[in-house]
Structure formats: C-alpha cells, structure tokens
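Note sheet for the following structure.
The values are calculated or read from the model by the stated rules, or taken from the named source; none is laboratory data. These numbers were taken from a predicted model, which means no experiment stands behind them. Cβ coordinates were reconstructed from backbone atoms using ideal geometry, including for glycine residues, and neighbour counts include every protein chain displayed.
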Amino acid sequence: METITNKTLEKLKYELVRDGIVAYETLEKAEELANVQRINIGQALINSGILAEDTLLKFLESKLHIPYVNLEDYTPDPKCFKYVSFPDARRYKIIPLFKIEDVLTVAMSDPLDLFAIDKVVETAECSIEPVISSESSIIKKIDEYYKVADTVDNITLNDDEAESFDWTEELHKEEAGEEHIQHVIRAILKQAIIEDVHELNFEQVEEGLKVVFKQVGEIVDKGTIPAILNSAFVSKLKTLSNLDASVCEIPQLGKLIFKVDNTMLIASVSSFPTIMGERISLKIYKPPQKLDKIIPDEKARSIITHSLQNPGIVLVCGSPLSGKTHIIYSLLMEAAKNKKNIITIESIAKYELKGVNQCELNENIGFNMDKALRFIEFQSPDFVYLEGIKTRDAFEFLSELYYNDKVILTEFMANNMTDLRQKLAFDDFQTFKTLISCLIFIHSKDSIEVFDKATLQKYLA
C-alpha cells in the first residue's frame, strides 16, 4: 500500500508557519509522525491535537479560494456516483455531489491533487468543480452512500438457490470481456459465503487457475478457471483489490470490499509469486459485533471488560480460521468505550473502528513490525493491539508495554487448550504467560471459553 500524502497541504504547509498557526518545530514533528503512521500531514496535525480540523479547513478555504462544504448534513446525488468508481473514491478521498449541465461538483480533501482530478475528468468526460471537505466526512459519506458496483457488485443470497449454487455456471455463460470476469469473481465469493468459507485460494496449475476453498482442517477443490482467462482474471481481481496488476514478481497485500445483501464485507487479498505463477489468497472478514453478542455469559464478559481497562495482556487463542480476528475487533470496539488512546499495528485494517487509531504495516517502504514497535511508544498509547506476534523480540516488547502500564491485546494460534499449554511451556514464554490477565479461547463459533488471570495461571502451572 502506498504512502498517503496530501498535495494541497504539502504545498501550503509553510504558510501555516508564516500565518502563525503552527510553529516550525511542531510542523517538523508532525511530518515525522505522518511518515511513520503513513498518514498525511494534515491528519497528523489533527490527530495530535495541534490543530482543530475546522481550523485547518478554513485555512485551506482562505488560501485556495475554494469553498468549504460540511458534508455532515449533505446528501450527495446518487446518480453522480457512476462518474467516480468506488476504488477511486476511496483512494483519492473524493465523492461526487451533484452535476449541473457539463460540470460535476466533487468534494475533495486534497483539491490540488491534479492526478485525481484528471482521473475523474477522464472517467466522467465532463468538467470538474472541486470543493473542500474533511477527509473523515468524505470517507463516511462514501461508505454510507456508495453502491459498490465497481468492486464486485452486491451479492444477494437466496435460501432456495443456496444448496444448488455453483460458481462454474457463471464461468460457462457465453459472455466475454471484463464484465464477465467480474461476474465470475462475484459468483466465487457468493459460493464462499453460502458455504461459510472465510479463506479461498487461487492456484496456478497447467489447466488454469484452480479455485480452492479452505475450511478448518480441510481443503476443497472447487473447480478451475481455464488458462485462457488466467491473465484477465488475476488482473481484474488485483485491480479490484488496489494491487498493481502489472507487478507479479513480488508479494502484494490489498483489500477487497464487497456487499452481501446489505452488509459490507472486507477481504484481505495476498498475491505471492510461485514457479507456476502468482498464487492469490483471499481471507474474508465479517463485520465486528458487539461483545455481548459474541460473549452472552455476563460473568465471562465481566472478566473481559475488567481486563480491557487494566494493564495486562488480553490473549485471544484458537485454531486457524476459528474467528480470532472477528473477536479481536469486537474487543477493540469495547475498549474504545473507555476513551483511551488505542493504537493497532496490523498487516491490513479489516474494518475502520471509531475511536481506534489503526496502523497498517507497509514492507514496501520499510515500515515493518520492528520499526512500528520502536516508534509506537512516542504515541503514548494506553492500549495496544499487535497482530501476529511471533518473534522473541516482540514478546519481550509486550513485557515492556506491560511494565509501562499498558493494556495489550494480541493473538496466539493453538488448536486446543492442551496444544496451548504445551506451546507456552517453552522457556521463551515464561515471562509472557505470567502477564496474561485474560485468555479468550475459541473452541468453535458457538463455544468460547474465558479465563481470568488466577484460573489461567493454575492451569498453565
């Protein structure tokens, strides 16, 4: 994923200093923060409390002589959404508002992004009139109003057809071109949802691209996309996931957004080079639920909520595809109620959570877990979620966070409680396991066990 910039603020940032709005030293610190977190400098100024968003927007309005529009109570014209695709709207933080004759008015957080404007002009084939709006309000409106027709369309599930649905029927329809490929992708996703599959893979074989559904302890071959369609299928899937379709020699990680009925789902899409060609892995994540929907037992929920408010490690365990990420996002939603500084470090943010500072790693620019761990303390977090802790250094860092009175949320893979006990018996985990304040073990989606510190320590002793 590319670094997020704001060309407007990059051009005008020193005007902030000249107008006495921000000190030069403060601006430098904000730039460092923006580089580390891969956010634009304006967002860094706002997140740090240096500038109110309203102050920044009025500054831009006065300098650019471009009107500011508050989108909070504004309803865009849905007929205009066809002029800006969903991926472009999200990528460039731009949403069309209305069109009068041959002029399309769009709200932008970065009105000097000429590349974005050219892209819209090329697609819409009309003139563009930009107005300034806040980045957060634009994203909110995009998620609220956009029909995700430019991803993989809306997937409608019908109970009557569920048992007989087969994605290959879509494949064999006598269609051609990009639209047919998009329908095939949609059909594969629909079958995965019907069969409650959350991981599927596309593997290069001699016959073409094999479609594989992965369930707990089982891999199922679901058919093959003919070799003649390989290139077009992979290119379309990568484009929909904001990956570079022209690059196949290095791994890439992206995000695919689609609707099932009226529910927005997100999937991480990982491409990986093999000697046969690219292998693409897709993991579907369900929207997070409130904690009481997942943990109905009041006593167990009380253990969790207490642990989310006090220093210690909250550990979520389970086998692969058991739903660890789903529960973690519910825990983050619960923790956000405490009005604390919550920071996550993730390979990819599955859903945007209100009140949570979500941070995505980016190996392409050297922003890996090691660098994130070295810089996160400067953000003074109260609560930290670290995804996929595997190294000894990372476990030692968890201990440092604990001794600095932080709440830490992380996950650990174990097939059952016996497997967990055996893994944590290794010397590397001796300190780590004494710091666990709460263990949530997912046996299945209908069986989740919660341990408090005292009970867990007896079990692990």
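Just a few scattered comments:
- From A124, A107, residue being modelled with pLDDT under 80, buried (at least 18 other Cβ atoms within 10 Å of the Cβ), in contact with a Lys or Arg (Cβ under 9 Å, 6 or more places away or on another chain) and farther than 23 Å from G254 by Cα: A124
- Top-ranked residue of region 264-275 - restricted to ones that are surrounded by fewer than 16 Cβ atoms within 10 Å (Cβ to Cβ) and β-branched (V, I, T), ranked as nearest to H198 (Cα to Cα): T274
- Comparison of I343, I327 shows that the only residue that is of a type in the set (V, I, T), surrounded by 15 or more Cβ atoms within 10 Å (Cβ to Cβ) and assigned to a strand (DSSP E or B) is I343.
- Filtering region 50-78 to residues that are farther than 21 Å from Y14 by Cβ and within 24 Å of the chain's Cα centre (by Cα) leaves L71, E72.
- Those residues of region 229-258 which are under 15 Å from the mean Cα position of the chain (by Cα) and in contact (Cβ under 8 Å) with a residue 40 or more places away in the chain, in sequence order: L240, N242, L253, G254, K255, L256, I257, F258
- F397 passes every criterion in (1) modelled with pLDDT of 90 or more; (2) closer than 28 Å to D382 by Cα apart from (1).
- Residue list for region 193-226, restricted to those being surrounded by 14 or more Cβ atoms within 10 Å (Cβ to Cβ), over 30 Å from H443 (Cβ atoms) and touching a Gly at 6+ places or on another chain (Cβ under 6 Å): Q204, T224, I225
- Count of region 225-242 residues, restricted to those that are within 12 Å of P87 (Cα to Cα) and either of a type in the set (S, T, Y) or touching a His at 6+ places or on another chain (Cβ under 7 Å) (or both), is 2.
- Selection count where residues are buried (at least 20 other Cβ atoms within 10 Å of the Cβ) and among the polar types (S, T, N, Q), scope region 305-324: 2
- When A149 is tested against (1) of a type in the set (A, V, I, L, M); (2) closer than 26 Å to S235 by Cβ; (3) out of contact with any Phe, Trp or Tyr (no Cβ under 6 Å at 6 or more places or on another chain); (4) modelled with pLDDT of 70 or more, only condition (4) is not met.
- In region 251-263, the residues that are loosely packed, with under 15 Cβ neighbours inside 10 Å and assigned to a strand (DSSP E or B): T263
- Restricting region 291-304 to residues that are hydrophobic (A, V, I, L, M, F, W, C) and in a helix (DSSP H, G or I), the residue that is surrounded by the most Cβ atoms within 10 Å (Cβ to Cβ) is I304.
- Check on I295, in contact with a helix residue (DSSP H, G or I) (Cβ under 7 Å, 6 or more places away or on another chain) and under 28 Å from R421 (Cβ atoms): yes
- When residues of region 321-340 are limited to those that are touching a strand residue (DSSP E or B) at 6+ places or on another chain (Cβ under 7 Å) and either in the same structural domain as V36 (by TED's automatic domain parsing) or polar (S, T, N, Q) (or both), the one farthest from H443 (Cα to Cα): T325
- Assessment of region 283-290 against the conditions (surrounded by 19 or more Cβ atoms within 10 Å (Cβ to Cβ) and of a type in the set (S, T, N, Q)) yields no matching residue.
- Exactly one residue among L60, L71 is under 30 Å from S241 (Cα atoms) and either assigned to a loop (DSSP other than H, G, I, E, B) or at pLDDT 80 or above (or both), and that residue is L71.
- Scan of region 88-99 for residues that are surrounded by fewer than 18 Cβ atoms within 10 Å (Cβ to Cβ) and within 20 Å of the chain's Cα centre (by Cα), ordered by number: D88, R91
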